[in-house]
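**Student:** One structure, pasted below without further comment.
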Amino acid sequence: MKLNESQMDVLKEIGNIGAGNAATSLSHMLSKRIEMNVPEVSLLDYNEIIDSIGGAENIVVGVLIGFEGDIDGVILFLLKKEFVHIILNSLLGTELNNFEEVSEMEMSALSEISNIMVSSYVNSISSLTNMNINVTVPSLNIDMSGALLDAVTAEFSEIADKAVFIKEKYYCLNETVYSYMLLLPRMPSLKILLNKFGIYI
């Protein structure tokens with residue numbers, strides 16, 4: 001499937017509003033001022049996604065959350081070490097030197113933060129479209145980005161061979177950090193979502 005410019009504009013607008021709400025939620029949780037650029041939204045296959053997040057061997061935190069209701073699919077939320085360090089340092093006062101040192105309490109905090117950010121994103125879509133959408137319990141893993149994407153591909157390959165890829169750039173505590181969100185709606189759900197904005201495929 002190849003989306004035209006109007007269809008991509010709709011996805012970009014959804015990505016912009018959703019990411020803004022997620023950033024606001026994060027700012028409130030950390031009690032820190034967080035600014036962000038307009039997110040980059042594109043429709044990429046898995047090899048292109050791997051390249052966009054720094055290669056298959058890049059260690060990241062991956063949080064997989066399903067959404068269901070009027071539309072359904074999955075979201076994979078990816079965080080690099082620099083962003084994870086800011087979150088854990090702000091919440092718990094801990095320093096993160098490498099992912100091997102992450103404790104069970106820190107994993108729990110990351111899972112909760114990710115769940116709230118993704119829920120804010122999904123709630124934005126729900127409010128924009130007046131649809132009922134719920135999220136499932138998040139599953140958090142720390143692994144190479146290639147392994148995380150392979151797992152999603154193997155389990156959810158029936159959804160689509162491409163994902164809506166949202167790259168978000170944040171400014172916090174004089175640092176620039178990134179998060180990545182992969183939105184994989186099932187094909188009927190993508191059509192329903194676009195139809196809500198008067199776009200038909």
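**Student:** Once you sort the root eigenvalues of the Cα gyration tensor of the range 29-89 as a ≥ b ≥ c, which label holds: rounded (a/c under 1.5), prolate (a/b larger than b/c) or oblate (the other case)?
**Tutor:** oblate
**Student:** Here's something else I'd like to know. Using modelled backbone amide H atoms (1.01 Å from N, in-plane), which distant-in-sequence or interchain residues come within less than 5 Å of M36's amide H?
**Tutor:** Long-range HN contacts for M36: Y171.
**Student:** In addition: In debye to the nearest 20, how big a dipole does the chain give about its Cα centre with +1 on each Lys and Arg Cβ and -1 on each Asp and Glu Cβ?
**Tutor:** Charge dipole of the chain: 680 debye, to the nearest 20.
**Student:** Answer with one residue from I65, M8, M29: the one whose Cα lies farthest towards the positive end of the charge dipole of the chain, charges on Cβ with Lys, Arg +1 and Asp, Glu -1.
**Tutor:** M8
**Student:** Pick the calculated Cα Rg over 2.2 N^0.38 Å for this structure from [x] 0.98; [y] 1.23; [z] 1.72?
**Tutor:** For Cα Rg over 2.2 N^0.38 Å, the calculated option is [x].
**Student:** Angle, helix 5-30 long axis vs. longest principal axis of the chain, Cα atoms, 0 to 90°, nearest 10?
**Tutor:** Helix 5-30 sits at roughly 30 degrees to that axis.
**Student:** Taking the beta-carbon count within 10 Å as an exposure proxy, list I17, I86, I75 from fewest neighbours to most. Spell out each step's value before the answer.
**Tutor:** Details: I17 16, I86 21, I75 25.
Lowest to highest Cβ neighbour count: I17, I86, I75.
**Student:** Please list, by residue number, every one of the GluC sites (Glu not before Pro) in the range 105-201 that is coil in DSSP and has at most 13 other beta-carbon atoms within 10 Å.
**Tutor:** Of the GluC sites (Glu not before Pro), the ones in loops of the range 105-201 whose Cβ has at most 13 other Cβ atoms within 10 Å are E158.
**Student:** Report the relative contact order of the range 50-201, percent, no decimals, based on alpha-carbon pairs under 8 angstrom and at least 6 residues apart. Could the numbers behind the result be given before it?
**Tutor:** Working: 230 pairs, mean separation 52.8, N = 152.
Contact order relative to length: 35 percent.
**Student:** Take the residue pairs K32/K196; K167/K191; K81/K169; K32/K162 and return only those whose Cα atoms are more than 25 Å apart.
**Tutor:** Result: K32/K196; K32/K162 exceed 25 Å.
**Student:** I need the GluC sites (Glu not before Pro) found in the range 14-85, filtered to DSSP loop residues with at most 13 other beta carbons within 10 Å of theirs.
**Tutor:** E57
Only the coordinates and a few stated rules stand behind these numbers; no lab work does. What you see is a predicted model, and the numbers here were worked out from it, not measured in a lab. Don't worry about glycine lacking a Cβ; one is built from the backbone with ideal geometry, like all the others, and counts go over all protein chains shown.
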